Structures are given as structure tokens and as C-alpha cells.
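**Student:** Following this message is one structure expressed as C-alpha cells.
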Number of protein chains: 2
Amino acid sequence: MIYFDNSSTTFVKPKNVQKAVLNALQFFSANPGRGGHQASLKAAMQVEAVRESVAQHVGASPENVVFTSGCTEALNLAIFGSHMRGRHVVCTCNEHNAVARPLEHLKSLDESFSYSVAQQTGKLGIVWQDIERVLRPETSLVIVNHISNVNGDIADVAKIGENLQKRGITLLVDGAQSGGHFEYDMKKMGIGMLALAPHKGFYSPQGVGVLCMADDVHLSPIRFGGTGTNSMELVQPETSPERFESGTIATPAILGFGEGLKFVEQNFDNIAAKLEDLTTFLHYEFSKLPVEIYTKTENTSGVFAFNIPWLDSAEVANYLNEKWGICVRGGFQCAALKHLSLGTADKGGVVRVSLSYFNTYQEVERLVFAIKNLINKTKPSGH
Amino acid sequence: MIYFDNSSTTFVKPKNVQKAVLNALQFFSANPGRGGHQASLKAAMQVEAVRESVAQHVGASPENVVFTSGCTEALNLAIFGSHMRGRHVVCTCNEHNAVARPLEHLKSLDESFSYSVAQQTGKLGIVWQDIERVLRPETSLVIVNHISNVNGDIADVAKIGENLQKRGITLLVDGAQSGGHFEYDMKKMGIGMLALAPHKGFYSPQGVGVLCMADDVHLSPIRFGGTGTNSMELVQPETSPERFESGTIATPAILGFGEGLKFVEQNFDNIAAKLEDLTTFLHYEFSKLPVEIYTKTENTSGVFAFNIPWLDSAEVANYLNEKWGICVRGGFQCAALKHLSLGTADKGGVVRVSLSYFNTYQEVERLVFAIKNLINKTKPSGH
């Protein structure tokens, strides 16, 4: 099997990630933050060490690093936890449904709330001007997908953050695809909130996400329950992160994430170089074929989208899977807005090839060979 | 170390649970329900097999078994997902803050919503009459904690379900403590919704919970995002479970849960017998000591609460931990309502000893010895 669906989740989880999860189940399996006994404290110390590492990785304060069940819950917390009555939100055409659906739901609940979708004029991704164009006086939050999960378009987050900071508007970055591939400094970049998906670019287990908040961001919780603190109160405690982490947190996945983060930090440049090499090779080979390519040549983030004009993306994906054991994603990749913007909404989406550090040249060569084969087999006259 | 905090989370996770988690990280690490390729389908088949097992275990339809991040999220979904405008909810004095805090939050949001707390008159736990007493014409949901996480009180769920079913009122059972210790048949027992905590009585990893729904229960989702289905729509799909499972689910924890469930089903009677033996022994030994006991002698669920009248529960817990390496929970165990009802709210809570299948007589003996020691050391004259 050749796995090219790493934007969905990275398939290979490094040995140390696996080991950390197993250790959690064997040695740190008490409930962190519940009870003052040694077993609970031991687990809590492990979890807090990961929180500290994440905080350092993104330039946030540890208490403002909130563990969630995934990036989707992190984005839901950022959106529903913000105070939106009478406010306006800007998002971009690159948003995943994990942003678009919460916004649409908010709109259905509250007539005083509205949102606008910034369209992309920048060649490589969303730029500040795209955002500026749709800002309103009542805009309180701007949500920017950092790297598109459809075609890898990269937003100019630093510039956007800088400009929003001047205007006192909070910037929420959806880092689902960029986390692990990008060096964040939330303070310097003017990022108010950053949502991450550890199981993607951090090669970590599924079942944990993160929302990192700047010190001046104050959210309401969206999950209510036991926090191990203020237990005689029927309202959530004020202190973060407990305020947002009701219930038992996912210690095994969190400790796995700790090792995934280390893996990424230790191999940061190698990962970037590998993805650049493979994506460049993919660009080079595909540019010779009669296919439509939706990823810019300059973009080497590892996400690559194309279509064979006379075939549905799902047909291509199925062929690759069944005939060659190659896993790619056809269809819409849970990103309605992006397909509307790319003009691929009524074409059945795109074929997405998404790479990881663990993919090889040989695998990409095989993909190219398979696609050539499919083209030769199906090409109508005139193409 | 002796671990008696199993109501918080069971410490020992069986070998097969650990193995299933590791397998998930090695072989089933694609994203289930995302993409039609073999890697995704393989993971999905594993997850769906667990869903099927859970459905069989509780007597629900598989599509109505929703995986959440934990029992707290399951309860949040059941409560916030129900349509509560102008309605009244009954809960019991045994509810955990994972029920009480969501209800209190709903009340703060919506003046037309209210809830009442049923007090316990039954000796062993909440009985139907306790519920009946506080029902109102506008009551649409009754929430019953099945086994108290503070002292093990057991509600007469079957009788309550039978009566509520006649009245067309939905019963939500918080099975956080009872799951794995109780044979559920949701249909027969008239349970509308059942929330479970796999990492407790199912000896499973932290990071997954379940909400099981009867076929006639229709909730709104509380988490919005990608579902891998209807991706060009900005509203959640109608079909369950996708409607409620936005984002990437916690496959490693879910597959671990599958093995935990098997472990419990294969050892069901042995687990019950072991807990009965150990709790009876605990009762017998403690009944000879000058302590206040909050768990009924007939109750052998494995949760045992007491106080040494002249000591704070936290002092006792700390002493056991520091001097003897015994892990118990002092304080309020995230259950404000229960402590108000037990009269332990202004006494600093209770000391809770909670057992699992993996505890031994020797460990309980050691606890008894340690407590005797503490009593002798601290007993004021007159006691």
C-alpha cells in the first residue's frame, strides 16, 4: 500500500509516539488533575510537560494551551466560545467545514450575527488585502486557514496578524494542515488563537487537538462538567485550562503528542526538505501530463491537487486504490468553500495527493506511472 | 503503590487493550470514514465493529451509538442536544458535575428552562417515587445517575425507565460508574439515552466516551465540522452517527475500548464477584472502626465512602498517599449535589475508596491497617 492521504491523518506514527502511548496506558494511567495522590500527580506532570512544550512551540503561555478532542473541537471552542452577539466574522474561502459549519450554525441561531467569506486574489494564498476588503466596523474575529487542505494554498498569516492587531481584531488561525510544518510565534505574528491537529503534521495519535490562546483572549467554555477544581460550584472555574477541559482528558493521546512534537522539532528541516523534494518532483512529472493542476508550482507544502479533465476525481481515486494500492482522496475533502472558489464544486472535487516525511520518491514515481496508465487507457480523442 | 481511585479511572488496562491501541497506531492509523481507500476502510471497519459491540452490549442500534471524547461530552451532547426551550428537566442529587454544570449553564442562558433535583428517600439509591415527586407537566427529560461516584448508591433505573416510558418522558442515564458493572438493555429498561465512560468500568483508554440513543431520540449536534459526508453542505448531515461525530474520531482509544468491552464481557461475573468480596471485606473491617461510613452495607459496587470524624477527608487522603503509598480520593469528587445531600458539603467531602477487578485482599488489608494507624495516632479523647 502507498499512502498519500496524510492531510487527512499521517499514517506512520514514529516509534517514540507509539511508545509514549503505551507508557501512558501502563504507567501514567491515573486521572491527571483528579486527586492529590502520586498516581494522579505523575500523570499530571507528564501532561503538563507536553502542555509546556506546545506552549513553547507556538509562543503561548502554558495555561492558555487547551487540550481538546481534536482540531474540530478546538475550532468550535474558538468560535462558539467567542462572544458573537451582534458581531461579524470574516473567514476565507479556504476554510474547512470545521470552520464553515460552526459559522453557519451560529448564523442560524442568532440573527444579529453574520459572517463574510474573503476570496483569494493572492497567487499563493490569502493575503491581507483579501481580508481587508470584507472587514466591517463590527468585525470582531477573523478566521484564516493557514494551509489549505485541498490544494496547499498558504495564507500570509504574519501580515494579516500584524494588520489585525493594529485594529484590535482577534485572529484565529486554523493550523490543521500547517501545524508541524510552520514555526509559529503567536505573539510576534499577532495570532489570537491557533488550533492544531496533532494527528496530522505532528505524527501523533488521533484523539487530541489543541487550542492555543493569546493572553488577552477570554473565551467561554463549550463543554461543562467536572474539572477537579471548585467542585462545590455549579459553574465552570475561571482559571484556564481547567475551565475548558471538563471531564477526563485523553492522556495517552496527549503523551503521544508530546513525542510527536519532539519528533517534528528534531526533524523540522528534514521534513520540510523531504516534502519540498517530493512535491517538486510531483509538480515536474504532472506538468508533463494532460491534467489540470490546482496547486501552485511554488507551493511545496506537500498537498497537491489535480484532476484528469475527462474523469471524476472519485473515479481516479478508486482506480489508484483498486489497481495500484495507492491511497489518495477524491471528492471535496470537507472543504465546501474552497471548491466553490476553485470552481471544482460541480466537477466532483479534486484528486488530492498529500505527502508526509515517510513517503518516498519510489512511491511518487509509482503514482505518476499509475496516472499515466489511467490517462492512456481513458483519454478521449482530442485531449 | 496501591491504587484505590478506580472510579476516577481504572489504573490497570488489560494487555489486550494496550495491544489494540498499539495496533491502531501501527496498522489502523488512517482516518476512518474519510476517503474510500483501503487504509481508511480498514480503520473504519475496526471502528464499526466496536460500535456494533457497544450497540449489542446496551441493546441499541449501531447507528445510534455515538463516540465522543468522553462521558462528559456524551452528557453534554444529551443535554444541550435536547430541545429544552420552555422545558423542565429532573435530575437527581447523585448527579456528577458533568450533569449539574450543563443544566446550570442552560438555566443561565434561557429563562424558559428550569430543572429540579430529586432527593433520595430510597435506602439504596434513587427510586421512582423520588423522581415522581418532582415531575411537572412540562418535564421532557429525566437524568438519573445510575451508580453514585461518591458512595456507590444505585438508582432503580429499570423501574424509573418503565414509568417514564409510560409518560413519554425521555430518560437519560449517566452510566459513568455503572458501565461495565451492569447489564443494560436500553429497550427493555426504557432508557432513552445512556452515557458511558469506557476508561472506568470498561478498563479502556482515556479519550473516548459513548452516547447510546434509543431509536426515537433525535438530538441536535453540539460539535460542527467535517463528517466525510455531504461535504458541499454547510449544515451537519442528518444521518447518525456522522451527524454527531464531526472531526477525526479517536480511533486508538476506540479500538482499545473494543478490547476493554470484550474483557468485561468475558469476565463479567468474576469482576462482580471480586468487587463484592472486596467491598464486603472493606465494610466488615471499617464497621469495627470509629468512622462514619456513607456507603450502605448492601452496596457492593466497589465505591466506598467514609470519614474519620475528627479529620478532613483531604488530610486522610494525603496521609494514605504519603505514608503508605495508597491512592484514594478526598474532597468532593466533582459531585456538588451529592455532598449537599449527604451533608458532607461543609465537612470537606468524604474519603472515597474505589476498587477494580485488579485490586487484592492484601491491598484492602493494608488500607485497613493504615487507617487504624491514623486513627490511633490522631484520635482525640472521647472518641
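**Student:** Which one of A:Ser246, A:Ser204, A:Ser240, A:Ser220 is at pLDDT 95 or above, buried (at least 24 other Cβ atoms within 10 Å of the Cβ), among the polar types (S, T, N, Q) and over 15 Å from the mean Cα position of the chain (by Cα)?
**Tutor:** On inspection, the qualifying residue turns out to be A:Ser246.
**Student:** Please go through the stretch A:269-326 and pick out each residue that is in contact with a strand residue (DSSP E or B) (Cβ under 7 Å, 6 or more places away or on another chain) and of a type in the set (Val, Ile, Thr).
**Tutor:** Listed by number, the residues that qualify are A:Thr279, A:Val291, A:Ile293, A:Thr295, A:Val303, A:Val316, A:Ile326.
**Student:** Do we have A:Ala253 as within 21 Å of the chain's Cα centre (by Cα), in a loop (DSSP other than H, G, I, E, B) and at the interface with chain B (Cβ under 10 Å from one of its Cβ atoms) here?
**Tutor:** Answer is no for this residue.
**Student:** Still on this structure, please answer the following. Under 30 Å from B:Ser8 (Cα atoms) and touching a residue at least 12 places away in the same chain (Cβ under 8 Å), is that true of A:Glu138?
**Tutor:** When the stated conditions are applied, A:Glu138 does not pass them.
**Student:** Report, by residue number, each residue of the stretch A:123-147 that is assigned to a loop (DSSP other than H, G, I, E, B), closer than 15 Å to A:Ser341 by Cβ and out of contact with any Asp or Glu (no Cβ under 9 Å at 6 or more places or on another chain).
**Tutor:** Matches in the stretch A:123-147: A:Arg133, A:Val134.
**Student:** Determine which single condition A:Arg329 fails, assuming it passes every other condition in (1) of a type in the set (Lys, Arg); (2) buried (at least 17 other Cβ atoms within 10 Å of the Cβ); (3) over 23 Å from the mean Cα position of the chain (by Cα).
**Tutor:** Here A:Arg329 meets the rest and fails (3).
**Student:** Scan the stretch B:12-24 for residues that are at the interface with chain A (Cβ under 7 Å from one of its Cβ atoms) and surrounded by fewer than 24 Cβ atoms within 10 Å (Cβ to Cβ) and report the count.
**Tutor:** Within the stretch B:12-24, residues that are at the interface with chain A (Cβ under 7 Å from one of its Cβ atoms) and surrounded by fewer than 24 Cβ atoms within 10 Å (Cβ to Cβ) number 2.
**Student:** I've got another one for you. Taking A:Lys288 as the residue in question, decide whether it is farther than 16 Å from A:Gln177 by Cβ, of a type in the set (D, E, K, R) and over 20 Å from the mean Cα position of the chain (by Cα).
**Tutor:** yes
**Student:** Can I ask one more? Scan the stretch B:311-326 for residues that are at the interface with chain A (Cβ under 7 Å from one of its Cβ atoms), buried (at least 22 other Cβ atoms within 10 Å of the Cβ) and touching a residue at least 12 places away in the same chain (Cβ under 8 Å) and jot them down.
**Tutor:** B:Ala317
**Student:** Whether any residue in the stretch A:336-357 is within 20 Å of the chain's Cα centre (by Cα), assigned to a loop (DSSP other than H, G, I, E, B) and facing chain B (nearest Cβ under 8 Å) is what I want to check.
**Tutor:** Checked against the condition, which is being within 20 Å of the chain's Cα centre (by Cα), assigned to a loop (DSSP other than H, G, I, E, B) and facing chain B (nearest Cβ under 8 Å), the stretch A:336-357 yields no hits at all.
**Student:** Quick one: which residue in A:Thr297, A:Thr280 is part of a helix (DSSP H, G or I) and not hydrophobic (A, V, I, L, M, F, W, C)?
**Tutor:** A:Thr280
**Student:** Right, next: With the condition kept exactly as written, say whether any residue in the stretch B:158-175 is small (Gly, Ala, Ser), farther than 21 Å from B:Ser204 by Cβ and in contact (Cβ under 8 Å) with a residue 60 or more places away in the chain.
**Tutor:** The answer is no, given that none of the residues of the stretch B:158-175 is small (Gly, Ala, Ser), farther than 21 Å from B:Ser204 by Cβ and in contact (Cβ under 8 Å) with a residue 60 or more places away in the chain.
**Student:** Anything in the stretch B:5-27 that is of a type outside the set (D, E, K, R) and more than 21 Å from B:Gly70 (Cα to Cα)? List them, or say none.
**Tutor:** Across the stretch B:5-27, the qualifying residues are B:Asn23, B:Gln26, B:Phe27.
**Student:** Continuing with the same structure: Take A:Asp269 and tell me if it is surrounded by fewer than 15 Cβ atoms within 10 Å (Cβ to Cβ), more than 14 Å from every other protein chain (Cβ to nearest Cβ) and of a type in the set (Asp, Glu).
**Tutor:** So A:Asp269 passes the test.
**Student:** For the stretch B:179-218, which positions are hydrophobic (A, V, I, L, M, F, W, C) and more than 14 Å from every other protein chain (Cβ to nearest Cβ)?
**Tutor:** Hits for the stretch B:179-218 are B:Phe182, B:Met186, B:Met189, B:Ile191, B:Met193, B:Leu194, B:Cys212, B:Met213, B:Ala214, B:Val217.
**Student:** Scan the stretch B:117-139 residue by residue and report those that are at negative phi, surrounded by 18 or more Cβ atoms within 10 Å (Cβ to Cβ) and either of a type outside the set (A, V, I, L, M, F, W, C) or at pLDDT below 95 (or both).
**Tutor:** B:Gln120, B:Asp130, B:Thr139
**Student:** Now for a separate question. I'd like to check something: does the stretch A:332-344 contain any residue that is β-branched (Val, Ile, Thr), touching a helix residue (DSSP H, G or I) at 6+ places or on another chain (Cβ under 6 Å) and either outside the structural domain of A:Ala98 (by TED's automatic domain parsing) or in contact (Cβ under 8 Å) with a residue 12 or more places away in the chain (or both)?
**Tutor:** There is no residue in the stretch A:332-344 that is β-branched (Val, Ile, Thr), touching a helix residue (DSSP H, G or I) at 6+ places or on another chain (Cβ under 6 Å) and either outside the structural domain of A:Ala98 (by TED's automatic domain parsing) or in contact (Cβ under 8 Å) with a residue 12 or more places away in the chain (or both).
**Student:** Which of the residues belonging to the stretch A:25-56 are touching a residue at least 60 places away in the same chain (Cβ under 8 Å) and more than 7 Å from every other protein chain (Cβ to nearest Cβ)?
**Tutor:** A:Phe28, A:Pro32, A:Gly33, A:Ala43, A:Gln46, A:Val47, A:Ala49, A:Val50, A:Arg51, A:Ser53, A:Val54, A:Ala55
**Student:** Also, quick follow-up: Count, please, the residues in the stretch A:258-299 that happen to be farther than 24 Å from A:His339 by Cβ, touching a residue at least 60 places away in the same chain (Cβ under 8 Å) and β-branched (Val, Ile, Thr).
**Tutor:** Residues that pass the stated criteria total 2.
**Student:** Kindly indicate whether B:Glu73 is out of contact with any Gly (no Cβ under 9 Å at 6 or more places or on another chain) and part of a helix (DSSP H, G or I).
**Tutor:** Considered against the rule, which asks whether it is out of contact with any Gly (no Cβ under 9 Å at 6 or more places or on another chain) and part of a helix (DSSP H, G or I), B:Glu73 comes out as no.
**Student:** Filter the stretch A:104-114 down to residues that are in contact (Cβ under 8 Å) with a residue 12 or more places away in the chain and either assigned to a loop (DSSP other than H, G, I, E, B) or touching a Cys at 6+ places or on another chain (Cβ under 6 Å) (or both), then give me how many there are.
**Tutor:** Counting residues in the stretch A:104-114 that are in contact (Cβ under 8 Å) with a residue 12 or more places away in the chain and either assigned to a loop (DSSP other than H, G, I, E, B) or touching a Cys at 6+ places or on another chain (Cβ under 6 Å) (or both) gives 3.
**Student:** I would also like to ask the following. Going residue by residue through the stretch B:98-109, is there one that turns out to be more than 14 Å from chain A (Cβ to nearest Cβ) and at negative phi?
**Tutor:** No, the stretch B:98-109 contains no residue that is more than 14 Å from chain A (Cβ to nearest Cβ) and at negative phi.
**Student:** Would you check if there is a residue in the stretch B:41-54 being on the phi > 0 side of the Ramachandran plot and assigned by TED's automatic domain parsing to the domain that holds B:Leu141?
**Tutor:** No, every residue in the stretch B:41-54 fails to be on the phi > 0 side of the Ramachandran plot and assigned by TED's automatic domain parsing to the domain that holds B:Leu141.
**Student:** While we're looking at this one, here's another question. Taking only the stretch A:55-68 into account, find how many residues are in contact with an Asp or Glu (Cβ under 7 Å, 6 or more places away or on another chain) and either at positive phi or not in a helix (DSSP H, G or I) (or both).
**Tutor:** 4
The values are calculated or read from the model by the stated rules, or taken from the named source; none is laboratory data. Just so it is clear, the structure is predicted and the values come from calculations on it, not from any experiment. FYI the Cβ positions are ideal-geometry reconstructions off the backbone, even for glycines, and counts take in every protein chain you see.
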